[in-house]
Structure formats: structure tokens, C-alpha cells
Amino acid sequence: MAFKYRKSIKEDIDTFPVRYLVGGSFLLSLIFTHKYSFGEILWSFSLWLESVAILPQLFILQRTGEAENITTHYIFALGIYRVLYIPNWLYRYFGEGKFDYIAVLAGLIQTAVYSDFFYIYYTKVMQGQNFELPV
């Protein structure tokens, strides 16, 4: 707190139009909701937004072509967190008889978004190399 750090956001690289993610998530929350109450629409909105929230970070990785190890480990941990929802869905379906199609659909979309990153992470970082996108 005693030192000022230089701004780490690079406006020429960080140009992802986030408004499309927010607007699309809002539209999906109006279409796919259990009931039209304020709380349910907000809950649905949060699921849809979470499923695409990593896209700006992946966009920057695509633009720069590489990332620091700490960044790739963080993105990997976020992806694994979401993949671990799948056993939860299976438990809830078989153990409790509950199936939430909105959570499952949003989670599958998010897992698909991460799939390319997982492949590159495994083939590069887990092999001891730096994270670089193939040219």
C-alpha cells in the first residue's frame, strides 16, 4: 500500500466487448428461468454470466499468445472448479432426485469454453513448458 504500481491493464489488448456477455446472459436469464420472480431471474443471470465470464481472459490470452504460469494455473483452477460440479449434479440427480437443467446447461457451456484451454494447459504447462498458443 505504500508503493504505487503501474497500471497493468493494456487498453490496446483488452478490447473484449463485455456488454455482449452481460446482455446475452440477461436475455438467457429471461428465457431460461424456473419462474419469473426477481430472485430467480437474478439467480439464472448469475449462472449464465458465470458460464462465459472467463471469455475476456481467454481473449487476452489469444491476443498476446502467452501468459505467466500463475495466470494459467489460476485459469486452470477456475476450470477445475466448474468441472467438479459434474459429480455434484450426478449426486443430486441419483441421490436426491433433483435435476436443474439451467445449472447443467450453463455448466456444460462453461466446460466447453474451457476445453481448448485445458488441452493447451495439459500439453504445455503440465509438460514443464511455458504456456504459448500454437501458431
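The values are calculated or read from the model by the stated rules, or taken from the named source; none is laboratory data. Owing to the predicted nature of the structure, the values given are computational and were not obtained by experimental measurement. Please note: Cβ atoms are built from the backbone with ideal geometry, for glycine as well, and neighbour counts cover all protein chains shown. The protein model used for the area step is the full one, side chains on, heavy atoms only, and it has no ligands, DNA or RNA in it. Shrake-Rupley method; radii C 1.70, N 1.55, O 1.52, S 1.80 Å.
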>> Testing Lys124 on (1) at pLDDT below 85; (2) in a helix (DSSP H, G or I); (3) open to solvent by 60 Å² or more (accessible area, probe 1.4 Å); (4) over 25 Å from Leu49 (Cβ atoms), one condition comes back false. Which one is that?
In response: (3)
>> I'd like the full set of residues that are over 23 Å from Leu49 (Cα atoms), among the hydrophobic types (A, V, I, L, M, F, W, C) and touching a residue at least 12 places away in the same chain (Cβ under 8 Å), limited to region 60-114.
In response: Ala67
>> Could you tell me how many of the residues in region 24-37 are part of a helix (DSSP H, G or I) and open to solvent by 50 Å² or more (accessible area, probe 1.4 Å)?
In response: 5
> Considering only residues of region 34-57 that are of a type in the set (D, E, K, R) and without any contact (Cβ under 8 Å) to a residue 40 or more places away in the chain, which is farthest from Ile75 (Cα to Cα)?
Replying inline: Lys35
> Any idea which of Phe94, Phe131, Phe99 is modelled with pLDDT of 90 or more and more than 21 Å from Leu47 (Cα to Cα)?
Replying inline: Phe94
